1. Going residue by residue through the stretch 25-32, is there one that turns out to be farther than 22 Å from Phe151 by Cβ and of a type in the set (S, T, N, Q)?
2. Step by step: first the residues of the stretch 107-131, then only those that are within 16 Å of Gly37 (Cα to Cα) and of a type in the set (S, T, N, Q), then the one that is farthest from the chain's Cα centre (by Cα). Which residue is that?
3. Those residues that are more than 19 Å from Pro97 (Cβ to Cβ) and either of a type in the set (Phe, Trp, Tyr) or not in a loop (DSSP other than H, G, I, E, B) (or both), I need them from the stretch 39-63; list them, please.
4. Can you confirm whether Gly104 is of a type outside the set (Phe, Trp, Tyr), within 9 Å of the chain's Cα centre (by Cα) and within 22 Å of Ser80 (Cβ to Cβ)?
5. Residues of the stretch 112-154 being under 20 Å from Ser80 (Cβ atoms) and either in contact (Cβ under 8 Å) with a residue 60 or more places away in the chain or not in a helix (DSSP H, G or I) (or both), which ones?
6. For the stretch 83-109: of the residues being buried (at least 20 other Cβ atoms within 10 Å of the Cβ) and not aliphatic (A, V, I, L, M), which is nearest to Leu57 (Cα to Cα)?
7. Take the residues in the stretch 64-81 that are in a loop (DSSP other than H, G, I, E, B) and farther than 16 Å from Gly99 by Cβ; name whichever of them is farthest from the chain's Cα centre (by Cα).
Amino acid sequence: MSRGPGRGGDVGELARIEPGPPPRPLARRQRLERAAGALLFAGLLGVAAFLPAARPLPFDACVLHHFAGIPCLGCGLTRSIVRLLQGDLLASLRLHPAGPLIAGILAGQSVRQGIEAFLARECGGTAIDRITSGALVTALLIALVFRLAGFLGA
């Protein structure tokens, strides 16, 4: 049995944290892809701020809602993000509780990809991707619960 540092135990036992692999450098093409991704995410958010809040898209983007009249988990998400970017948080949450989270993910990905393009190396790697995916799945499950409880309309 180890007694800890200075008591006959392994001195480095408590502080043994293995560092992860070093960040991968990015090739020129990957840097351009990251820069394009950053511009795309930032552009989507920038355009969304100026769309009409009541009907931001000129068409029904949800095939399920269009043909069956049943709202899917993403119904109301675009309107929610538009309302958020126009400064109406409560309306955004009423339209879709995941709207602010999705807007945050888009903003975060834009910043991350811009930094990666500038530094020419990966930042965060798969850990950030797992956290983002987990947050997205959690938000959509919460939206499902809200929709089934009747708190969200189409």
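Every number here is computed from the coordinates shown, using simple stated rules; none is lab data. All of these numbers come straight from a predicted model, not from anything done at the bench. Glycine also receives a Cβ, built like all others from the backbone with ideal geometry; neighbour counts cover every protein chain displayed.
1. Going through the stretch 25-32, the residues farther than 22 Å from Phe151 by Cβ turn out to be 25-32.
When the remaining residues are screened for being of a type in the set (S, T, N, Q), the result is 30.
Yes: one or more hits.
2. The extreme case among them is Gln113.
3. Leu39, Leu40, Phe41, Ala42, Gly43, Leu44, Gly46, Val47, Phe50, Phe59, Val63
4. Details: of a type outside the set (Phe, Trp, Tyr): yes; within 9 Å of the chain's Cα centre (by Cα): yes; within 22 Å of Ser80 (Cβ to Cβ): yes.
For Gly104, the condition - of a type outside the set (Phe, Trp, Tyr), within 9 Å of the chain's Cα centre (by Cα) and within 22 Å of Ser80 (Cβ to Cβ) - is met.
5. Residues satisfying the conditions are Leu140, Ala143, Leu144, Arg147, Ala149, Gly150, Phe151, Leu152, Gly153, Ala154.
6. Applying the filter and picking the extreme gives Arg83.
7. If we filter the stretch 64-81 for residues that are in a loop (DSSP other than H, G, I, E, B), which is where we start, we get 69-76.
Next, from what is left, pick out any that are farther than 16 Å from Gly99 by Cβ: 69-70.
Details: Gly69: 28, Ile70: 25 Å.
So, considering only residues that are in a loop (DSSP other than H, G, I, E, B) and farther than 16 Å from Gly99 by Cβ, the one farthest from the chain's Cα centre (by Cα) is Gly69.
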